[in-house]
Amino acid sequence: MAKLPLSILIPTKNSALFLENALLSASFAQEIIILDDNSNDETLAIAKKYQTRIIQRSIKDFSLKRDFLKEKATQPWLFYLDADERISRPLKKEIEEAINLNHRGAYQVNRLNVFWGKIFHYGGWSPSWVIRFFSKDSLVRWQGQLHEQPVYKGRLFSFRSPLIHLSHNNLRKSLENTLSWSWLEAQLFYEAHHKPVKWYHFVSAPLREIFFRLIKKGGYKDGLEGFLESIMQGISKFITYERLWELQNGKLKEKYSRLDKILKQNKFDSNILLYETKNK
């Protein structure tokens, strides 16, 4: 069967756990481009098993990463796919129809979120519309460092069939995601001159997030998994504010350097150390 004149664009970073099935779901495209951010697991070995074009480059800004992928694409149609996402068979059929009809513009798709091995229908996770498919000449650029959005020309169309998103399925993966995203979010807060973090932010922000997910958005209706994910979102807010506090209170390296000097000057006298640090 002839492949579609489509570039599927996949950013990766230690994505071995999910990548192979993402590539299988993308195999109908004429071109698959992997933009890898220095993976040290089996990501590249898996990518090389398939007809993919691999580019290794570290680009932290999500919009710049997507813009870079667009420039490397050679096909007239683009689909942005994450390694933990799957293009369902019905969605593949709709993509083919859109290309055949030549409806140029941008297309949004409802992302079906799977947490802890369960499809979520509540907690603010559904519906989850994302714009991922474009005629290349309609996509102008991406904007936003974290929750990036496309700037495009022409109409916005909608696919009926879902894009499957397999998010974390265990505590370790959930915490890894949290540590990655919370640092980016904290940096954005810092650059926006967020008011100084106080002790009560570490209580109020997580509790608001848990209430929003679990009660207001009905996360409890997703059962134990909904409860766990609501708690994890609260933990994510706690870590975000902790990291924002670090940024607002100076670089920790500078603080530890000063402490080292105090220790050396006073021959490790803990009483003097406490006095000096309190009065800095």
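Taken together, the residues in the stretch 131-158 that are surrounded by 15 or more Cβ atoms within 10 Å (Cβ to Cβ) and either modelled with pLDDT under 95 or outside any helix (DSSP H, G or I) (or both) amount to 12. In the stretch 83-98, of all residues being open to solvent by 10 Å² or more (accessible area, probe 1.4 Å) and in a helix (DSSP H, G or I), the one that is farthest from P11 (Cα to Cα) corresponds to E97.
Among the candidates G234, G250, G218, single out the residue that is on the phi < 0 side of the Ramachandran plot and at pLDDT 75 or above.
Numbers: G250 fails: on the phi < 0 side of the Ramachandran plot; G218 fails: on the phi < 0 side of the Ramachandran plot.
When all the criteria are applied, what remains is G234.
Whenever a residue of the stretch 52-63 is more than 9 Å from L35 (Cα to Cα), its partners that are in a loop (DSSP other than H, G, I, E, B), lying with C-beta atoms within less than 6 angstrom and at least six residues away or across chains, give the pairs D61/Q145; F62/E148; S63/G144; S63/E148.
Taking into account only those residues within the stretch 99-125 that are outside any loop (DSSP other than H, G, I, E, B) and in contact (Cβ under 8 Å) with a residue 60 or more places away in the chain, which is most open to solvent (accessible area, probe 1.4 Å)? Don't jump to the end; show me each part of the working.
Looking only at the stretch 99-125, we keep the residues that are outside any loop (DSSP other than H, G, I, E, B), and these are 99-101, 105-115, 118-119.
Retained after the next criterion (residues that are in contact (Cβ under 8 Å) with a residue 60 or more places away in the chain): 99, 115, 118.
Values: I99: 18, F115: 8, K118: 67 Å².
Filtering the stretch 99-125 for residues that are outside any loop (DSSP other than H, G, I, E, B) and in contact (Cβ under 8 Å) with a residue 60 or more places away in the chain, the one most open to solvent (accessible area, probe 1.4 Å) comes out as K118.
For beta carbons closer than 8 Å, sequence separation of 6+ or different chains, a first residue in the stretch 4-29 that is acidic (D, E) and a second that is assigned to a helix (DSSP H, G or I), the qualifying pairs are E20/I46.
Would you mind stating whether S128 is open to solvent by less than 50 Å² (accessible area, probe 1.4 Å), under 17 Å from the mean Cα position of the chain (by Cα), modelled with pLDDT under 95 and of a type outside the set (A, V, I, L, M, F, W, C)? Considered against the rule, which asks whether it is open to solvent by less than 50 Å² (accessible area, probe 1.4 Å), under 17 Å from the mean Cα position of the chain (by Cα), modelled with pLDDT under 95 and of a type outside the set (A, V, I, L, M, F, W, C), S128 comes out as yes. Please determine, by comparing only the residues of the stretch 25-67 that are open to solvent by less than 50 Å² (accessible area, probe 1.4 Å) and β-branched (V, I, T), which one is nearest to the chain's Cα centre (by Cα). Across the stretch 25-67, the extreme among qualifying residues is I59. Tallying residues that are under 21 Å from K93 (Cα atoms) and buried (at least 20 other Cβ atoms within 10 Å of the Cβ) within the stretch 5-24 yields 7.
The values are calculated or read from the model by the stated rules, or taken from the named source; none is laboratory data. Nothing here was measured: the structure is a model prediction, and the numbers come from that model. Cβ sites come from the backbone with ideal geometry, for glycine too, and all protein chains shown count toward neighbours. The area values use the complete protein model at the heavy-atom level, side chains included, leaving out ligands, DNA and RNA. Shrake-Rupley method; radii C 1.70, N 1.55, O 1.52, S 1.80 Å.
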